[in-house]
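Enquirer: There's a structure below that I have some questions on.
The values are calculated or read from the model by the stated rules, or taken from the named source; none is laboratory data. Since we're looking at a predicted model, the values are computed, not measured. As a convention, Cβ positions derive from the backbone with ideal geometry for all residues, glycine included, and neighbour counts pool all protein chains shown.
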Amino acid sequence: MRPALRPWILIVFCLLLHGGCTSLFSKKQAKADETQFRVKPPPRLIGPDDVLTITSFTNRLPSGDFIVDSDGAIMYPYIGKVVVTGKQVAEIIDVLIARLKDGYFRNPMLSVTLKSAQNQQFTMFGAVKNPMTYPYVPNITILEALAKAGGLGANADVNEVTIMRKVNGQALRMRVSIPDIIEGKTPNFFVLPGDIIIVRERAL
């Protein structure tokens, strides 16, 4: 018989699904369809509080992390305020290069990546070293999410990892095995914003 999840996990889990346990379990849960967990995250649009990493390949242009302010902009040397909210990373690169070419640099070269998305999150529960809610990172996989949570705890059941996801208002569950992912028997699914990943504890 498999061990039950700890009470605090169930309580917090219910709160995170907006509406509590009553609204969640009053509806029949849909049977997990693996295709709904094979989804690749859609292109991410930048929003306030996101952190962008800009890497410069041009002398005198700095590299670093830039936080998107409440107005949806970052401040970058030479060109000042750059509105980035609502844009994809590739569009931001184009905007920065165009502004830098306008009287400052002949051929500026830089890259932009989304370091963390503060306005989107996923949650790790159960037998991981750091169970908590994390800022969502685009294209993060199950294994990467586990690593971000500090890895598996000593009492983790590696064959009992549950991904919980809401699709069209339905709460879906997919149970996966870490060894199966590592061996290629099961896809290393992408995590989506709002996902909850629960690692069950082993029976004593």
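Enquirer: Checking LEU17 against (1) in the same structural domain as ASP157 (by TED's automatic domain parsing); (2) modelled with pLDDT under 75; (3) within 22 Å of PHE125 (Cα to Cα), which single condition isn't satisfied?
Expert: Of everything listed in (1) in the same structural domain as ASP157 (by TED's automatic domain parsing); (2) modelled with pLDDT under 75; (3) within 22 Å of PHE125 (Cα to Cα), LEU17 misses just condition (1).
Enquirer: Among the residues that make up the range 41-51, is at least one of them assigned to a strand (DSSP E or B), in contact with an Asp or Glu (Cβ under 7 Å, 6 or more places away or on another chain) and either at pLDDT 50 or above or outside the structural domain of ALA127 (by TED's automatic domain parsing) (or both)?
Expert: yes
Enquirer: Out of all the residues in the range 105-116, is one or more of a type in the set (Ser, Thr, Tyr) and closer than 14 Å to ILE197 by Cα?
Expert: Looking for residues that are of a type in the set (Ser, Thr, Tyr) and closer than 14 Å to ILE197 by Cα, one finds none in the range 105-116, hence no.
Enquirer: Among the residues that make up the range 151-159, is at least one of them within 19 Å of PRO41 (Cα to Cα) and under 18 Å from the mean Cα position of the chain (by Cα)?
Expert: no
Enquirer: Show me the strands (runs of 3 or more DSSP E) found entirely inside the range 65-135 where at least 2 residues are in contact (Cβ under 8 Å) with a residue 40 or more places away in the chain.
Expert: Correct list: 110-126.
Enquirer: Taking the range 121-178, which residues are modelled with pLDDT of 90 or more and basic (Lys, Arg)?
Expert: Residues satisfying the conditions are LYS129, LYS148, ARG165, ARG173, ARG175.
Enquirer: Also: Quick check on ARG175: is it among the basic types (Lys, Arg), out of contact with any Gly (no Cβ under 6 Å at 6 or more places or on another chain) and surrounded by 15 or more Cβ atoms within 10 Å (Cβ to Cβ)?
Expert: no
Enquirer: Tell me which residues, restricted to the range 136-153, are among the small types (Gly, Ala, Ser) and touching a residue at least 12 places away in the same chain (Cβ under 8 Å).
Expert: ALA145, ALA149, GLY150, GLY151, GLY153
Enquirer: Let me ask something else. In the range 57-110, what count of residues is obtained for those that are of a type in the set (Lys, Arg) and under 25 Å from the mean Cα position of the chain (by Cα)?
Expert: 1
Residues are listed down the side, and each one gets a yes or a no for (1) closer than 20 Å to ASN139 by Cβ; (2) part of a helix (DSSP H, G or I); (3) of a type outside the set (Lys, Arg); (4) touching a Lys or Arg at 6+ places or on another chain (Cβ under 8 Å):
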site	(1), (2), (3), (4)
VAL158	no, no, yes, no
VAL161	yes, no, yes, yes
MET164	yes, no, yes, yes
ASP180	no, yes, yes, no
LEU192	yes, no, yes, yes
ARG200	no, no, no, yes
LEU204	no, no, yes, no
